[in-house]
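Visitor: The structure follows.
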Amino acid sequence: MQIDRDTLLELAKKRVYLEGNILKALNADNSDKEFSKYLNECKRRDVANRKKRLQVTKQVQSQNKDLQIAAETNQELVEELKLTLEQVSDAKKEAEKLRDEAIEDLDVMQKRKQVELITTIVKVALGVILAVLVTTTILYLIVLLKNLDSTIIETTWSNLFGILLTNSFSIVGTIMGVKYANKE
């Protein structure tokens, strides 16, 4: 396709103009004012378009620089967040360790209190058993020494002694069972 002066002027009416380095190669005769005006308009538009493209390029470069700075800031924040998460994780592990130690200490204290309570119960139970046994034995001896009728006291002494002995073993057995059941 061959493009000549008239075609270019016709395209200008449709707002299509030449631009770029080709404008340096074209010259209009001084006598052809219309073509000269067309080339000047092309050059003016070319300069304006180049300025627009340069402005867009600068804007894109500025935005790229801003994006790069934002990406670096974002990376720093991510690293800081990772460190913070590690610190939180370490603090959580430490808190769990302290909680476990506190639970263990509480368990030891509870067992100590249970042992003290069991010891007290056993001592009191044995004391009561011994007191009843001694009292019943003294009464039985008094009856024997005074030659009184000892039939009732013999049976009572024998029954009390058996009941006390059975109850003492029952109490001790129950306490020992509770003590060993709690060891789990």
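Visitor: Work out the charge dipole of the chain with +1 on the Cβ of Lys and Arg and -1 on the Cβ of Asp and Glu about the Cα centre, then indicate which of N159, L148, S36 is farthest towards its positive end.
Guide: Selected residue: S36.
Visitor: Checking the table K13/K43; K13/K33; K24/K52; K24/K58; K13/K58; K43/K65 against a 23 Å threshold on Cα-Cα, which pairs fail?
Guide: Beyond 23 Å between Cα atoms: K24/K58; K13/K58; K43/K65.
Visitor: Positive end of the dipole of segment 5-181, charges at C-beta (+1 Lys, Arg; -1 Asp, Glu), about the Cα centre: which of T120, S62, Q75 has its Cα farthest in that direction?
Guide: Towards the positive end, the residue furthest out is S62.
Visitor: Turning to a different aspect of this structure: How many times 2.2 N^0.38 Å is the alpha carbon radius of gyration of segment 29-134?
Guide: Taking N as the residue count of segment 29-134, the ratio is 3.46.
Visitor: Moving on to the next point. What helices in the chain pass both tests, a Cα length along the helix axis of 18 Å or more and a mean Kyte hydropathy of -1.0 or higher, using whole DSSP H runs?
Guide: Long hydrophobic helices here: 33-145, 151-181.
Visitor: Which whole-number percent of Cα pairs in the chain have a distance greater than 19 Å?
Guide: 80
Visitor: Specify the inter-centroid distance of segment 40-77 and segment 113-184, based on alpha-carbon positions, in whole Å.
Guide: Distance between centres, Cα-based: 103 Å.
Visitor: Can you give the charge dipole size of the chain about its Cα centre, rounded to the nearest 20 debye, using +1 on the beta carbon of Lys and Arg and -1 on the beta carbon of Asp and Glu?
Guide: 1200
Visitor: Calculate for the chain the 222 nm mean residue ellipticity that helices alone would give, adding -39,500 (n - 2.57) per DSSP H run of length 4 or more and normalising by residue count, nearest 500 deg cm²/dmol.
Guide: Computed ellipticity for the chain at 222 nm equals -31500 deg cm²/dmol.
Visitor: If exposed means no more than 16 neighbouring beta carbons inside 10 Å and the site is in a DSSP loop, what's the longest run of the chain without any exposed trypsin sites (Lys or Arg not before Pro)?
Guide: Longest gap between qualifying sites, sites excluded: 16-145.
Where a number appears in this text, it was derived from the coordinates with a stated rule and is not lab data. Quick caveat: nothing in here was measured; it's all calculated off a predicted structure. Here the Cβ is made from the backbone with ideal geometry for all residues, glycine too, and neighbour counts use every protein chain on show.
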